[in-house]
Structure formats: C-alpha cells, structure tokens
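Just below is one structure, and these are the notes that go with it.
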Amino acid sequence: MSTVKNLPKGGEFLLKQTRPEDIFIPEEWNEEQHLIGQTMIDFIKQEIHPRLDEIDSMQDKGLMPRLVEQAGELGLLGTSVQEEYGGFDMSFNTSMLVAEKSAYGFSFGTTYGAHTGIGTLPIVYYGNEQQMAKYLPGLASGQTKVSYCLTEPSAGSDANSGKTKAALNAEGTHYLLNGQKMWITNGGFADLFIVFAKIDDDKNLSAFIVEKGFGGLSIGAEEKKLGIKGSSTVQVFFNDCPVPVENLLSKRGNGFKIAMNILNIGRIKLAAAALGGCKMGIDGTIEYANTRKQFETPIASFGAIKHKLAEMAMKTYAIESASYRVGQNIDDENDRLLATGMPKAEAKLKAVEQFAIECALCKVHGSEVLDFVVDESLQIHGGMGFSAELPVEKGYRDARITRIYEGTNEINRMLAVGTLFKKAFKDKDYDITAPIKQVPLALFTQLFKKSNGGRFGKELSTLDNHKKLCLLVAGRAAQKFGLKLSDEQEILMNIADMMIEIYVAESIILRTEKALIMSGTATDAQKLQQQVNMAQLYVYEANQKIFKAAKDAILSYTDGFEQKLMMRVAYRFSISNRINPQHLRREIAEYMIKEGRYPF
C-alpha cells in the first residue's frame with residue numbers, strides 16, 4: 001500500500017473515491033491502545049458491575065462521585081487533557097476507544113462521557129492559560145467534577161434561543177447570571193459548571209466557567225428517568241450568581257460556536273459509546289443463546305436466531321468501521337493543521353469542525369444500531385430479557401436516550417445535509433448540482449458500465465452509483481426549492497438517510513479491503529471471511545434503503561417526465577450484486593456462536 005495518505009475534506013466522500021490505505025481500521029490498534037481500553041474494561045468489571053443496582057437506586061449520593069475519582073486515579077479522565085495539566089493528550093481516535101469501552105458501565109458511561117467530553121473539553125479547547133492551569137488538573141484527576149449547562153425549558157434543539165442572562169455588575173468585576181438550565185448530566189454532584197448565557201441583549205450566547213461555591217446557584221431534585229438511572233440529571237437555577245469576569249470562556253458572544261463544536265465531538269464519541277453497548281449486548285446474547293435450550297436444542301442453532309445474531313454483528317461491524325474512519329480523519333487533519341503552524345487547540349477544533357457532517361451521520365447511525373441491537377438482544381432473551389434479573393433490560397432502557405442527546409437524530413440528519421449545502425455554496429470543489437446535467441448520459445452509460453475490479457468491485461460500483469444518485473436527488477432539490485429547502489424536512493431526512501448508508505457501506509468495504517491487504521499467514525482466515533460476508537451483506541441491505549429514500553424524495557418534489565426520468569435513474573443505479581443473504585447470515589452467526597462472543 002502507498003505510504004502517502006490522501007487527506008479528505010469533510011463530506012468529500014460523496015464526490016471522490018477513498019482508498020483503503022487512507023483510512024484507519026480497528027485491526028490497527030497498537031498494544032498501548034489495547035491496554036488503555038482494557039484498563040477501562042477492568043475498572044468497570046471490578047468497580048461498576050458489582051454495584052449496578054446500588055448505582056441505579058442512587059441511595060448513596062456519594063457513590064458515583066467516588067467512582068469518578070477512582071477513574072481519575074487510573075488516568076481515565078485525562079485522555080484529552082494536555083500533559084502539563086495532568087492529562088495524557090492522547091490521539092482523538094484513542095480517546096474514542098476509551099469512550100467505547102466506557103459504555104460497558106451502563107449509567108457510568110453517561111457520567112464519564114459528560115465529564116470527559118462536553119464538561120472538560122470546552123476548557124481544553126477554549127480556555128486561556130490561567131483557566132486551564134486552574135481547572136484542568138482537578139478535572140483530569142477527578143477531584144473536580146463538571147457538568148455542561150446548555151439546554152433550557154424553552155431552548156432545546158434551538159440552543160441559541162436560551163433565556164439565561166448575564167449582566168456585568170456596577171463594579172465591573174463580576175457577571176451576574178440569572179436563569180434556569182435543565183437535563184444537566186452530573187449536575188447533582190458537580191463542582192464546576194460550563195454555563196451558556198447571553199450577556200445583556202447579545203444575539204449569541206457566551207460561555208462561563210462557574211464554580212458551585214460562587215453562590216447564587218441551586219440544584220433541583222434528581223429527575224426520574226426511563227434509563228441511565230444511575231447518572232445524575234437535574235435542573236440548575238441561577239439567581240444573581242456572581243461569576244468573575246476572568247471566568248468568561250473565550251470571547252463574548254462565542255458561546256454558541258463553542259457549544260456546537262463541543263457537540264460535534266460529543267456526537268462522534270457517542271457513536272463510539274453506542275458501539276461499545278452493541279458489543280456488550282451481542283456478547284451477552286450469544287452466551288444466552290448458547291446455553292438456553294428449547295426442544296432440547298440450544299436456541300443458537302435455530303435459523304431465526306442466527307438471522308438476528310448476524311444482523312446485530314453486521315450493523316455493529318459497520319458503525320465501528322465508520323466511526324474510527326472519522327476519528328482518524330480528525331487526527332490526520334489535526335496533524336496537517338499543526339504542520340502549518342496553527343496553535344494546538346485551534347488545530348483540534350478546526351479538525352473536528354471539518355468533519356461535522358461525518359460526526360452527525362455516525363451519531364445517528366450508531367444510536368439507531370444500538371437501539372436495534374438491544375431490542376433484538378431482549379427478543380432473543382425472551383421473558384428473561386423483560387425481567388430486571390438480567391442486565392439486558394437495563395441496556396434496553398439505557399440505550400433509548402442516545403437518539404435524543406447530543407442533538408436528536410432528526411436534528412442531526414438535517415444538520416448533516418445543511419452543512420453539505422453550505423459547503424457546496426462556499427466551495428467550488430463541492431459541486432453537487434453537476435450530476436443533474438449528466439442524467440441522460442449517466443442513464444445510458446449505466447447499461448454498458450463494467451464493475452470495478454477487485455474483491456469488492458461490484459459493491460464499489462454500486463456505491464459509486466449511489467453517490468451519483470444522492471447528489472442528483474440533493475442537487476435537484478436545491479434547484480427546485482432554493483433557500484426554502486430548509487422547510488422541506490422530510491426531503492432533507494431522505495437525503496440524510498442516503499448519505500448515512502453510503503458513508504457506512506463505503507467504510508465497511510474499505511475496512512475489509514484493508515484487512516485483506518494486511519492479512520498474513522497468522523490471520524484467522526475464517527474470521528476474515530466473515531468480515532467479507534458482512535461487507536457484502538451490508539451493501540446488499542443498504543442498496544434497498546438508499547433506493548427507498550431516493551424514491552420517497554423524488555416522488556415528493558417531481559412529476560411528469562422529470563419524475564419518470566429520475567425514477568428510472570434511481571432504479572438503474574440501485575441494481576446491486578446478487579448474494580445469498582441467508583447463507584451469509586448463517587456463516588456469520590455460526591462463527592460467532594463457535595467463538596462464544598462478538599469476535600471482530
């Protein structure tokens with residue numbers, strides 16, 4: 001493989017082909033990274049799993065804060081904190097790996113993610129030297145616990161409409177905060193709050209670092225929730241809370257930008273955490289299916305169960321492939337920006353911002369795969385899955401929040417498409433209307449087009465057609481509706497669904513191609529064959545999802561000859577390779593049943 005990487009731009013996957021050597025795959029984790037991930041798993045098995053019921057009951061209010069401190073003692077809270085402030089400043093992808101493993105801790109995973117992600121990172125990326133020196137060491141050690149205060153009763157998805165106000169006192173020494181925040185994770189025990197408020201009548205939010213000891217801050221009762229019961233979720237009230245002027249984070253009016261950039265990071269890390277939940281769910285389900293007997297036969301031997309296990313594994317393998325592809329893209333872009341002389345914190349932020357589209361797509365896909373996996377896991381467990389005796393019931397309830405926080409999946413779908421159109425408007429390299437001019441030629445040449453070469457030639461040719469179809473649907477919608485396209489939310493979500501399946505399907509093929517290239521004599525040939533099977537099966541299923549999304553959009557905004565022509569293109573571009581899905585699923589499932597776990 002070539003040693004020189006082609007570095008992509010965000011959203012460019014729709015316009016250009018990516019080479020296997022240009023992406024990172026989980027098969028490339030090194031020994032140190034495996035050790036870091038295993039440290040989190042060992043901590044959870046030793047300290048979290050024996051106390052799950054105690055954690056969920058929240059009778060011991062000091063338990064979760066103590067667990068946060070214990071995680072800090074192991075260095076698990078400092079993955080993204082600079083070394084000079086007590087952290088390890090790990091690569092973005094490594095921090096995602098730790099986030100993945102944190103999901104094995106159920107509610108602890110939410111607590112951990114809020115502390116190390118949306119709580120700590122605003123100071124890591126936007127704090128000045130004095131703020132970082134004062135707060136980051138405590139955050140990295142766990143001696144200081146933090147929460148993130150953005151959402152308000154009347155400001156959820158429309159975060160910038162928040163009513164919390166900040167006004168400078170007469171002496172000019174403090175901002176006085178007044179307002180209410182809700183759904184604040186870790187708020188019940190936090191020592192520090194990242195609070196977003198508007199100064200006077202500013203159009204945009206500002207951000208503040210608020211210590212609990214400042215006064216004028218009160219905490220509401222713990223919310224009663226469907227899941228993640230062990231994590232603290234409260235309302236936070238500010239009544240003339242005095243915040244020193246030096247605790248303004250970044251510049252006045254920069255809060256909304258801070259919030260959005262931090263949420264971008266939260267989205268891709270949530271995809272990684274969802275992945276961890278999927279793997280844990282599959283492991284427990286295989287163990288149960290191998291031991292549970294009906295008609296004197298382990299239920300793992302039944303075709304219907306094999307179908308479910310294979311689907312769970314394929315979808316999990318797919319989101320893993322996509323998530324760490326994005327993570328490495330962010331790392332590579334960060335390195336490129338650093339090489340230009342850009343300051344470290346700015347380079348990290350710009351790198352994440354570059355891949356906001358992919359972060360949103362992976363958040364949606366990962367959370368929806370997790371919901372699928374926990375649902376099928378509960379179904380395979382039958383009545384025992386519905387009982388609180390086994391952790392599958394807890395996993396089912398805990399998973400539901402992932403489609404809501406870090407921006408609902410509906411918002412993230414529209415965000416991804418909206419960002420794509422903004423790029424197309426600003427950057428001549430993102431011409432998404434060009435395919436419209438090529439429709440007659442594309443339809444004709446498709447009849448005679450040969451597939452790409454290689455193991456996945458037919459799948460890659462199908463994906464190439466899917467990209468053209470997505471750009472055709474998006475470009476024609478942009479022409480038809482112009483600035484009013486934002487009002488056509490159903491069409492935007494159709495386009496987003498096409499983008500998700502294209503990106504994830506391409507990721508799973510690229511990962512498997514690279515795994516094949518890297519394979520040596522020591523490689524498990526059976527395992528590699530199942531990776532090939534999952535890649536082929538995923539493209540087969542994605543093809544129909546992409547066609548349906550395209551069809552729904554086309555039928556929504558076209559009629560007459562144009563509709564007939566675009567539907568013909570959609571049909572032609574959605575003819576995929578024929579496979580035997582039953583055979584592939586059985587092979588995948590039987591390999592996992594033999595291994596007794598998710599082995600990929």
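Here, each number is a calculation from the coordinates, and none is a lab measurement. Keep in mind that what you see is a predicted model, and the values were worked out from it rather than measured. Ideal geometry is used to build each Cβ from the backbone, glycine not excepted, and the neighbour counts take in all protein chains shown.
Measure nothing but the geometry: give the 0 to 90° angle between the long axis through the Cα atoms of 560-572 and the longest principal axis through the Cα atoms of the chain, rounded to 10°.
Once rounded, the angle reads 80 degrees.
Step through the table entries Lys101/Lys426; Lys181/Lys251; Lys165/Lys363; Lys344/Lys527; Lys61/Lys344; Lys45/Lys225, compare each Cα-Cα distance with 29 Å, and write down the pairs that go over it.
Beyond 29 Å: Lys101/Lys426; Lys165/Lys363; Lys344/Lys527; Lys61/Lys344.
Where in segment 77-94 is the amide nitrogen less than 20 Å from a point lying 7 Å along the Cα-to-Cβ axis of Lys5?
80-81, 89-94
Relative to the present Cα-Cα distance, how much length would full extension add between Glu31 and Gln529 at 0.36 nm per residue of separation?
Answer, rounded to one decimal: 176.8 nm.
For Lys5, which aspartates and glutamates qualify as cross-link partners when the Cα separation must be under 13 Å and same-chain residues fewer than eight apart are set aside?
Glu21, Asp22, Asp331, Asp332, Glu333, Asp335
Quick one: of the DSSP bridges fully inside the chain, what percent are antiparallel, nearest 5?
Antiparallel: roughly 80 percent of the beta bridges in the chain.
Taking the Cα centre of segment 156-259 as origin, sum charge times position over the Cβ atoms of Lys and Arg (+1) and Asp and Glu (-1), and report the length of that vector in debye to the nearest 20.
380
Given 0.36 nm per residue, what is the gain on full extension from Asp552 to Asp487 after removing their alpha carbon distance, in nm?
Between Asp552 and Asp487, full extension yields an extra 21.8 nm.
Can you list the aspartates and glutamates whose alpha carbon is less than 15 Å from that of Lys229, not counting same-chain residues fewer than 8 positions off?
Within the straight-line limit of under 15 Å, Lys229 reaches these aspartates and glutamates: Asp53, Glu54, Asp56, Asp60, Glu393, Asp398.
Could you quote the convex hull projected area for segment 179-271, Cα atoms only and averaged over all directions, in nm²?
Hull-based average projected area comes out at 6.8 nm².
Taking 7 Å along the Cα-to-C-beta vector as the label spot, tell me the Ala167-Leu74 distance in nanometres, rounded to one decimal.
According to this spin-label approximation, the distance is 4.8 nm.
With +1 on the Cβ of every Lys and Arg and -1 on the Cβ of every Asp and Glu, and nothing else charged, how large is the dipole of the chain about its Cα centre, in debye rounded to the nearest 20?
Roughly 2040 debye for the chain.
Find the all-direction average of the projected area of the Cα convex hull for segment 248-387, expressing the result in square nanometres with one decimal place.
10.9
Of all alpha-carbon pairs in the chain, indicate the percentage at a distance above 33 angstrom.
Cα-Cα pairs in the chain separated by more than 33 Å: 46 percent.
Quick one: work out the % antiparallel among DSSP beta bridges in segment 150-241, nearest 5.
Around 90 percent of the beta bridges assigned by DSSP in segment 150-241 are antiparallel ones.
Using only Cα atoms and rounding to the nearest 10 degrees, what angle (0 to 90) does helix 409-426 make with the longest principal axis of the chain?
Computed tilt is about 80 degrees.
Relative to the longest principal axis of the C-alpha atoms of the chain, give the angle of the C-alpha long axis of helix 489-518, reported between 0 and 90° and rounded to the nearest 10°.
The answer is roughly 70 degrees.
Roughly how many Å is it from the Cα centre of segment 168-200 to that of segment 508-570, as a whole number?
Each part's Cα centre sits 47 Å from the other's.
So how much slack lies between Ile219 and Ile404, counting 0.36 nm per residue of separation and subtracting their Cα-Cα distance, in nm?
Full extension of this stretch gives 64.3 nm more.
Which whole number of Å³ per residue matches the convex hull of the alpha-carbon atoms in segment 26-145?
Taking the convex hull of the Cα positions in segment 26-145, it is 93 Å³ per residue.
Please go through the residue pairs Lys306/Lys468; Lys134/Lys350; Lys16/Lys548; Lys315/Lys467 and name each one whose alpha carbons sit more than 31 Å apart in this structure.
Over 31 Å apart, Cα to Cα: Lys306/Lys468.
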